[in-house]
Each structure stands twice: as C-alpha cells, then as structure tokens.
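Before any comments, here is the structure.
The values are calculated or read from the model by the stated rules, or taken from the named source; none is laboratory data. Just so it is clear, the model here is predicted, and its values are computed rather than measured. Counting neighbours? That spans all protein chains shown, and the Cβs are built from the backbone with ideal geometry, glycine included. Accessible surface is based on the protein model in full, side chains and every heavy atom, while ligands, DNA and RNA are left aside. Shrake-Rupley method; radii C 1.70, N 1.55, O 1.52, S 1.80 Å.
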Amino acid sequence: MQNYLRTDHNYEAINSLEFVAELVGDVSNYISKWKWIIIALHNSLQNFMVCSLRGTNNLKVLAKKSAMNWIAEFTNRLSGNVEEWKSPNEKLDSFPNLFQKIQSDTMLMYTVSQKFTPSE
C-alpha cells in the first residue's frame, strides 16, 4: 500500500503560520531558524493569495499558458471528443504574478470582493 501526502491551499496557509509560531519562540536561541520562518511565511502568503484568487475554479491562480491550455481542453470536451480528452498540466502562477493579481481587478469576482492594498 502506498501512502501519499495530501494537502491543499487552505491547509498549507494555516499550517505554515502555525509553524512560524512554533519557530519564533526559539529564534533568539537559534538564529538559523529565521531561514525557516521566511520560507514558511512565503508559503503561507502564497497559499492565502491562492485562496483569495481561486473563486469557483483554478484559472486565476494558474500561469497564463497553463490557463489557456485548460480552457482549450475544456472546449475540446464540450465538443464531445471523448477519445481526445487530455488532462492539462496545471502550473501555479509565480509569486510576483499572484501578488499583482490580488492588487488588480482580478480580485473583483464577487460583490464583497476587494483588491489588496499593501501598506507599511
């Protein structure tokens, strides 16, 4: 029997913050823990951006080419060519692109949605 690691953006966002909370208490004794704090904060922020952008599908969190391939495959499936169905490779967009998206009109998908406005 094979065991697999299963996770999702919600779990990762919260779990990474919990990991940071564990490490911060001990950072004065082990300065090297800052590396793991930075990595965990990056992971958490990226996953919270995915949570915010996801909406009802993954298209807004995918890299542009990946999203275009997904739409092309969806269109192919609508035509009924079952033999030609493929599973498109979904690639998450880069951190800088996700950060730009949460500050753009891409975030305005629901009546209560808002763009992220960074502050000091």
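Condition check: among the hydrophobic types (A, V, I, L, M, F, W, C), surrounded by 14 or more Cβ atoms within 10 Å (Cβ to Cβ) and either part of a helix (DSSP H, G or I) or at pLDDT 95 or above (or both). Does Met49 satisfy that?
Here the answer is yes, as Met49 does meet what is asked.
Scan region 101-120 for residues that are outside any loop (DSSP other than H, G, I, E, B) and either exposed (fewer than 12 other Cβ atoms within 10 Å of the Cβ) or among the basic types (Lys, Arg) (or both) and jot them down.
Lys101, Asp105
Among the residues of region 1-44, which ones are of a type in the set (Phe, Trp, Tyr) and assigned to a loop (DSSP other than H, G, I, E, B)?
Correct list: Tyr4, Tyr30.
Output the number of the condition that Ser44 fails; it satisfies all remaining conditions of (1) surrounded by fewer than 17 Cβ atoms within 10 Å (Cβ to Cβ); (2) in contact with a Leu (Cβ under 9 Å, 6 or more places away or on another chain).
Condition not satisfied by Ser44: (1).
Within region 52-98, restricting attention to residues that are of a type in the set (Ser, Thr, Tyr) and not in a loop (DSSP other than H, G, I, E, B), which residue is least open to solvent (accessible area, probe 1.4 Å)?
Ser66
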